[in-house]
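The values are calculated or read from the model by the stated rules, or taken from the named source; none is laboratory data. This is a predicted model, so every value here is computed, not measured. Every residue, glycine among them, receives a Cβ derived from its backbone with ideal geometry; neighbour counts consider all protein chains shown.
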Amino acid sequence: MLARVARVIKALFLVLASSLVAAGCGDAVGGESANKGHAYIVGIDISGSRTRTELDESKKLLDDLIDRLQAGDHLTLIEVYQGGREPARQWSDSIRTPRKAGELTGSERRRLEDFRDIARMQTSILFDSVRAREIQSTDIFGTLTRAADYAKASRNRATTLLLLSDMINDTPDLRMTSRQDIPGDGWIRHLAAAKRIPQLPGVCVVVAGADVSSARGAAIREFWNKYFEAAGTRVSPDNYRNMISDPSEVGCSAATDAAGMAP
Amino acid sequence: MASIFTRPTSPDVGSGTRFGRNGSQPYSTSPLNGNGQTPPRAGWLGRLGQYWDTYAPFRNPFAKKIDALDDDADAGNGVHAITKKTDYWFNRELYQLEQEAKQLAAEWAEKGLPRHDVARSGVFEPEQVLAMKSLELFRQWRRRVRVKMQDQIQTASSTLNRLIGESRAEVNALEATASERKNTRTQIESFQQFKEPGGVRVGYDRFLRSSVGFWIFASILTVAEFTANFPVFRLLLPMNSTLVTLAATLGEAAESHTWLAGPLVLLQDILLHFEAFLVALIAVVILVLLGKTTGSSARSIVAFSESEYPMAATTIRAHRRQHTFVFVAGLLGIASVLSFMYFSRAQIAETAQSRVHSDSVSLRQALADQQAAGADLAKAPAATQRVKDATRTLQQHLDDAAYAETVQRVNNAIVWLNIGLVLAAMTLGFVYKKEDLTDRQGEHPSLKPLRKKLQSLEREALGHAHAARIAMSSAATEAGRINHLLESHPLRDWQGKQDRLQSVIVQFRGENARVRGLDPANVIAFAQPSRIGFPEVDENEELRRPTELDQLLRELSEVEVEFARVASYAIPTPAPTST
């Protein structure tokens, strides 16, 4: 009798052990995925040169972009401005890569939702209207330098640099408040020769909030086109816009990538 | 006038010896060691002994003082014991007579009578009165002694008769016991030779013959019991937060498996709550095992009867004894496990509620941290994440608390379900039990009471033999006592009594003269002889022999002979000891 009971218990433990082994194998298979996600580096400019409407549009675009984030994506938020004695703030985080590409588990979905919520909260902090009144400078060059560093750290991820800015740099070194203040090609070449231009090869650059209708705006766009070329990338006309309503437009087409992202 | 003063006064009267004492003088303080000398005490040690005798502090005030020289203390049943009170009576009467003599002597002396210088022709009146009283006292003493002796002889005869009757009754009882023991032995021998007809099987088969069926039912019972009780253990043994999150995640992942989601969620739940799984599994397996074992033991207890298989009675009793123990232990185990489950279910609501309370506190703390983080980009995400986690945990435990309350409400119903499952397990054990006790070593059930009866009869026989011996011995003693009394001649001391009575007159004369300050020899009236004329007594006069004494002695001899005859076969002898 006892021997039979022992056999039954042994069988139960075998079933249990098999289940555990099966569960462990499943974990091992889903532990690493080929899908490495997308890296978004967002420069946020809430300087006084931008209107309230432009800021709301930028915030909405960023929120929509956050809603489109997927598991494995990486998001970096960088302040373009600098207020008071505080340096430009930044926040970077990523969503864990799913074990199975295209099949999100419950925890992965929940983690994604948590990430989106936290990112939206961080966005709200960065778009703080109170802090906007304290802004003393708009350092787009410094933002690009920091973005280049983040882009290098993104490894093989496809990286998009989204600049929510009017692209008017306003630092003591360089003020683009008037057309005459916009540097020429020589200035860019000088910087390139001195290797002072951050390199953004393979980075898709998208600008939302820039002035594209005025002469000054055109001059500024021309300057940045040349600057980005010197930085190893390019901004297509479709990606240098005053407003992007659809977050799916934040990105570069394959043809553009092939044409402009090669170093 | 007939003179009563014809015999001389005993010469011992004035010497202070036993025969001379008349009650007017105290006992002498003569030494008692037989040699007439007071035993000397040696030096200071002797004086110390005297002080000890006088002032010893440890004397028992209630102890009966024993005089080593008092013969009356162990009077026994002899002549002395019979005549002791008569002697005492005689001495008391004599003392009163002597007092009366002294009183008369004083009264007469006051009157100056009798005149010392005048001779009297007749007997002096007071002396005549005293002489007559003495004579009457002597007659009464003689009659009393004879009557008492005769009464004792008759009483002894009656006792002898009774003892003979008792002896005869005991001998008869001994014989009857012997006869009954013989019958009992015959019965034992016949039962020992009893054999059951060959080929009779002592055992039973399974109602449920299929082993596969048994294991299927056992598995169903185990699974049902486990399924019913595992959620309770899951609530009793909470997981840590990591496992809670993982469990929730896996549960959501299982949604994609559509119709397999239920079993998968349950399986994942089981594997994640491994402690609860182990405890629940062990408890359920133990419960089913106890139920099955108890059911099997119940069948072992009720299936066999000594009356149906008398030759296997011993084996059946031993078998039943063991299974009764297992049955009782199994029932206690089942009761313990069910009680544990019942009381656990009764308190899971409180346990779950306490977790909810704890989670609420954690959530409030996380919210406070989130408020404190404010617009800090570094701290705010972590604080927000903690708020989300705490909220999810609280929600999970709120669900658990609701479930626990439901379980608590239906606790009694679950108990009945558990009892039903245990009864099912017991039934399964009952129907799957088989046993074979054919290889038995028993004996006929009647043998044990017969052996007890035989032992009791042997004890009774020994008791009867002992009582018969005691009764016969007592009867012989009583017969000897009768003979002793018949030949004792209790009037042998008549002369001494008469001498004591003679001293009454002498005492009267001496006292009369003393009061008057005269010498008795100077009183002429006292010159006459003072002897009282007592009648002669035949001291060898025989006491009357009881008419039935000879018959009783014959019967006693017969009983002794009968006892010897019966004892030769009726008194059990001890079993020979094996060396």
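Whenever a residue of the stretch B:116-138 is without any contact (Cβ under 8 Å) to a residue 24 or more places away in the chain, it has no partner that is hydroxyl-bearing (Ser, Thr, Tyr) and part of a helix (DSSP H, G or I) lying with C-beta atoms less than 9 angstrom away and at least six residues away or across chains.
Residues in the stretch B:296-354 that are at pLDDT below 90, of a type in the set (D, E, K, R) and out of contact with any helix residue (DSSP H, G or I) (no Cβ under 8 Å at 6 or more places or on another chain): B:Glu308, B:Arg317, B:Glu350. Are any of the residues in the stretch B:340-349 under 41 Å from the mean Cα position of the chain (by Cα), away from every other protein chain (no Cβ under 12 Å) and basic (Lys, Arg)? No: zero hits.
Residue count for the stretch B:394-412, restricted to those that are in contact (Cβ under 8 Å) with a residue 40 or more places away in the chain and either in contact with a strand residue (DSSP E or B) (Cβ under 6 Å, 6 or more places away or on another chain) or within 13 Å of another protein chain (Cβ to nearest Cβ) (or both): 1. Filter the stretch B:212-230 down to residues that are under 14 Å from B:Lys292 (Cα atoms) and among the small types (Gly, Ala, Ser) and give me whichever is surrounded by the most Cβ atoms within 10 Å (Cβ to Cβ). Ranking the candidates gives B:Ala218 first.
The sole residue among B:Pro572, B:Pro529 that is assigned to a loop (DSSP other than H, G, I, E, B) and under 30 Å from B:Ala106 (Cα atoms) is B:Pro529. Checking the conditions here, which among B:Ser530, B:Ser503 is among the polar types (S, T, N, Q), crowded, with 19+ Cβ neighbours inside 10 Å and modelled with pLDDT under 90? Going through B:Ser530, B:Ser503 in turn, just one is among the polar types (S, T, N, Q), crowded, with 19+ Cβ neighbours inside 10 Å and modelled with pLDDT under 90: B:Ser530.
Among the residues in the stretch B:511-522, are any within 60 Å of the chain's Cα centre (by Cα), surrounded by 20 or more Cβ atoms within 10 Å (Cβ to Cβ), at pLDDT 90 or above and of a type in the set (Asp, Glu)? Can you show your working first?
From the stretch B:511-522, those within 60 Å of the chain's Cα centre (by Cα) are none; that's our starting set.
Taking every residue of the stretch B:511-522 in turn, none turns out to be within 60 Å of the chain's Cα centre (by Cα), surrounded by 20 or more Cβ atoms within 10 Å (Cβ to Cβ), at pLDDT 90 or above and of a type in the set (Asp, Glu).
Please determine, by comparing only the residues of the stretch A:118-133 that are within 17 Å of the chain's Cα centre (by Cα) and at the interface with another protein chain (Cβ under 7 Å from one of its Cβ atoms), which one is modelled with the lowest pLDDT. It would help to see each step written out before you state the result.
Of all residues in the stretch A:118-133, those within 17 Å of the chain's Cα centre (by Cα) come to A:118-127.
From what is left, the residues that are at the interface with another protein chain (Cβ under 7 Å from one of its Cβ atoms) are A:118, A:121-122, A:125.
Working: A:Ile118: 93, A:Met121: 92, A:Gln122: 92, A:Ile125: 89.
Looking at residues that are within 17 Å of the chain's Cα centre (by Cα) and at the interface with another protein chain (Cβ under 7 Å from one of its Cβ atoms), I get A:Ile125.
Scanning the stretch A:232-252 for residues that are in a helix (DSSP H, G or I) and buried (at least 17 other Cβ atoms within 10 Å of the Cβ) turns up at least one hit.
Selection within the stretch B:350-370: residues that are surrounded by 14 or more Cβ atoms within 10 Å (Cβ to Cβ) and among the small types (Gly, Ala, Ser). The member of this set that is farthest from B:Ala390 (Cα to Cα) is B:Ala352.
So in the stretch B:371-380, with the set limited to residues that are within 9 Å of chain A (Cβ to nearest Cβ), at negative phi and out of contact with any Asp or Glu (no Cβ under 7 Å at 6 or more places or on another chain), which one is surrounded by the fewest Cβ atoms within 10 Å (Cβ to Cβ)? Full working, then the answer.
Let us first name the residues in the stretch B:371-380 that are within 9 Å of chain A (Cβ to nearest Cβ), namely B:374-378, B:380.
Going one step further and asking which of them are at negative phi, we end up with B:375-378, B:380.
If we keep only those that are out of contact with any Asp or Glu (no Cβ under 7 Å at 6 or more places or on another chain) too, we end up with B:376-378, B:380.
Details: B:Asp376: 13, B:Leu377: 17, B:Ala378: 9, B:Ala380: 21.
Out of the qualifying residues, it is B:Ala378.
Quick check on the stretch A:211-219. Is at least one of its residues of a type in the set (Val, Ile, Thr) and either modelled with pLDDT of 90 or more or part of a helix (DSSP H, G or I) (or both)?
Taking the stretch A:211-219 first, the residues of a type in the set (Val, Ile, Thr) are A:212.
Right, trim to either modelled with pLDDT of 90 or more or part of a helix (DSSP H, G or I) (or both) and you get none.
Checked against the condition, which is being of a type in the set (Val, Ile, Thr) and either modelled with pLDDT of 90 or more or part of a helix (DSSP H, G or I) (or both), the stretch A:211-219 yields no hits at all.
Of all residues assigned to the stretch A:70-77, at least one qualifies as being more than 12 Å from chain B (Cβ to nearest Cβ) and of a type in the set (S, T, N, Q). Residues considered: A:Asp114, A:Asp93. Of these, the only one that is within 26 Å of A:Asp67 (Cα to Cα), within 12 Å of chain B (Cβ to nearest Cβ) and not in a helix (DSSP H, G or I) is A:Asp93.
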